Amino acid sequence: MTRVWIAFGMLGAILALSFTEYFLCKDTSEQLLSLTHEIEKTDDAEIIDEYCRRMQDIWNSRKSALEIFLYHSDADDIENSLETIRRLAELDNIETIYMECGTLGNKLTSMKEAEIIQPHNIL
């Protein structure tokens with residue numbers, strides 16, 4: 001009987017981790033994607049800088065938890081893109097910011113879609 005309880009405990013732990021990963025990755029990517037789209041709509045460097053700070057705050061508050069579930073290279077790529085956008089905003093390089101936002105958007109979309117249960121994600 002003890003083995004059955006251990007099996008149920010392990011199943012519960014696996015389900016808890018799975019749901020945590022799914023909702024954490026989905027929520028983070030959606031929040032960062034919405035701010036990325038807001039950056040793409042404006043051409044004011046000060047507003048872009050404010051959005052960058054908000055994005056950086058969101059990322060920094062969840063980074064340690066996300067690194068448990070993501071490949072470290074993917075997390076580093078997202079963090080580098082956020083830093084690049086922030087630095088480009090300081091330089092008022094709007095065109096390059098838009099290109100970097102597109103790259104960041106692709107990475108965030110990929111992060112979100114990787115958590116969706118689909119046959120190609122399982123296989």
Restricting the search to the range 75-95, which residues are at pLDDT below 90, open to solvent by less than 70 Å² (accessible area, probe 1.4 Å) and over 16 Å from residue 51 (Cα atoms)?
-> 75
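How many residues are under 17 Å from the mean Cα position of the chain (by Cα) and either open to solvent by less than 60 Å² (accessible area, probe 1.4 Å) or farther than 22 Å from residue 91 by Cα (or both) if we restrict to the range 26-48?
Restricting attention to the range 26-48, the residues satisfying the condition of being under 17 Å from the mean Cα position of the chain (by Cα) are 26-39.
Narrowing further to those that are either open to solvent by less than 60 Å² (accessible area, probe 1.4 Å) or farther than 22 Å from residue 91 by Cα (or both): 26-36, 39.
Of the residues in the range 26-48, 12 are under 17 Å from the mean Cα position of the chain (by Cα) and either open to solvent by less than 60 Å² (accessible area, probe 1.4 Å) or farther than 22 Å from residue 91 by Cα (or both).
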Cβ pairs under 7 Å, 6+ apart, first in the range 1-25 and in contact (Cβ under 8 Å) with a residue 60 or more places away in the chain and open to solvent by less than 60 Å² (accessible area, probe 1.4 Å), second part of a helix (DSSP H, G or I) and aromatic (Phe, Trp, Tyr) | 21/69; 25/69
Do any helices (runs of 4 or more DSSP H) entirely within the range 30-119 hold 3 or more residues that are touching a residue at least 60 places away in the same chain (Cβ under 8 Å), and if so, which?
-> 94-114
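The values are calculated or read from the model by the stated rules, or taken from the named source; none is laboratory data. Predicted, not measured: the structure shown is a model, and the values here were computed from it. Glycine gets a Cβ as well: all are built from the backbone with ideal geometry, and neighbour counts include every protein chain shown. For the accessible areas, the whole protein counts, side chains as well, though only heavy atoms, and no ligand, DNA or RNA atoms are used. Shrake-Rupley method; radii C 1.70, N 1.55, O 1.52, S 1.80 Å.
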